[in-house]
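Chemist: Before I ask anything, here is the structure I am working with.
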């Protein structure tokens with residue numbers, strides 16, 4: 001996407017001027033997850049994802065404090081910039097639902113014969129939850145392995161915690 005302005009007005013945490021990102025970045029993500037998992041185990045990988053959400057994505061969290069319309073705007077812009085993505089964002093006063101029909105990362109990794117870290121899809125929950133929590137929001141993810149549904153809502157209205165078993169392993 002073209003840079004729509006300063007980081008304060010950009011729904012994305014970066015100011016890349018390419019209309020679409022480079023898909024080969026997915027190779028690096030998968031390799032990084034594999035490395036952290038091998039060195040630090042699943043709990044260490046989950047901490048890595050949480051730290052990424054809380055640190056790198058802090059500008060997104062600040063925007064999400066403005067409310068659910070900011071969440072919807074972020075995901076619309078995010079998937080416009082992701083090569084090969086097919087996703088829809090549905091917005092109601094109480095929630096933003098992201099329906100990912102084609103996960104660009106999983107598709108690219110499969111198309112190039114890469115072995116995908118089985119817990120790869122869990123990063124969507126841990127990163128997004130770390131972004132959402134300080135903004136008074138939460139996320140629940142279901143599906144995975146190339147397509148999923150992510151529902152963002154106010155934290156107070158979502159009493160059940162995420163069940164990791166609702167996130168399928170990537171194969």
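Read-outs: derived from the displayed coordinates by stated rules, not from any lab. Worth saying up front: this structure is predicted, and the values here are computed from it rather than measured. Cβ atoms come from the backbone with ideal geometry, glycine included; neighbour counts cover every protein chain shown.
Chemist: Taking Cα pairs under 8 Å and at least six residues apart, what relative contact order does the chain come out at, in percent? Kindly include the intermediate steps, with their values, before the conclusion.
Modeler: Details: 284 pairs, mean separation 37.6, N = 171.
That works out to 22 percent.
Chemist: Taking only DSSP H segments of four or more residues, each worth -39500 (n - 2.57), what value at 222 nm results for the chain once the sum is divided by all its residues, to the nearest 500 deg cm²/dmol? If you can, show how the numbers build up before the last one.
Modeler: Values: 5 runs with 69 residues, N = 171.
Mean residue ellipticity at 222 nm (helix-derived): -13000 deg cm²/dmol.
Chemist: Would you mind putting 30-36, 57-63 in packing order, based on average other-beta-carbon counts within 10 Å, highest first?
Modeler: Numbers: 30-36: 16.0, 57-63: 18.7.
So the peptides 30-36, 57-63, ranked by packing, come out 57-63, 30-36.
Chemist: Could you line up 103, 119, 148 from fewest to most neighbouring Cβ atoms inside 10 Å? Present the calculation step by step, with values, prior to reporting the outcome.
Modeler: Details: 103 26, 119 19, 148 22.
Ascending Cβ contact count within 10 Å gives the list 119, 148, 103.
Chemist: Expressed as a fraction of 2.2 N^0.38 Å, the rule-of-thumb size for a compact globular protein of N residues, what is the C-alpha radius of gyration of the chain? Please list the in-between numbers first.
Modeler: On the way: Rg = 15.3 Å, N = 171, 2.2 N^0.38 = 15.5 Å.
Dividing the Cα Rg of the chain by 2.2 N^0.38 Å gives 0.99.
Chemist: Moving on. For the stretch 50-97, what number results from the quotient of the Cα radius of gyration and 2.2 N^0.38 Å?
Modeler: Numbers: Rg = 11.6 Å, N = 48, 2.2 N^0.38 = 9.6 Å.
It is 1.21.
Chemist: Now for a separate question. What list do you get for 131, 106 if you sort them by fewest beta carbons within 10 Å? It would help to have the intermediate numbers written out before the result.
Modeler: Working: 131 28, 106 24.
So the residues, fewest neighbours to most, are 106, 131.
Chemist: Determine, for 75, 64, the number of other Cβ atoms within 10 Å of each Cβ, and report the residues in order from fewest to most. List each step's numbers first, then the result.
Modeler: Numbers: 75 22, 64 26.
Result, fewest neighbours first: 75, 64.
Chemist: Can you say what percent of the DSSP beta bridges in the chain, counting only those with both residues inside, are antiparallel? Round to 5.
Modeler: Values: 20 of 22 bridges.
Close to 90 percent.
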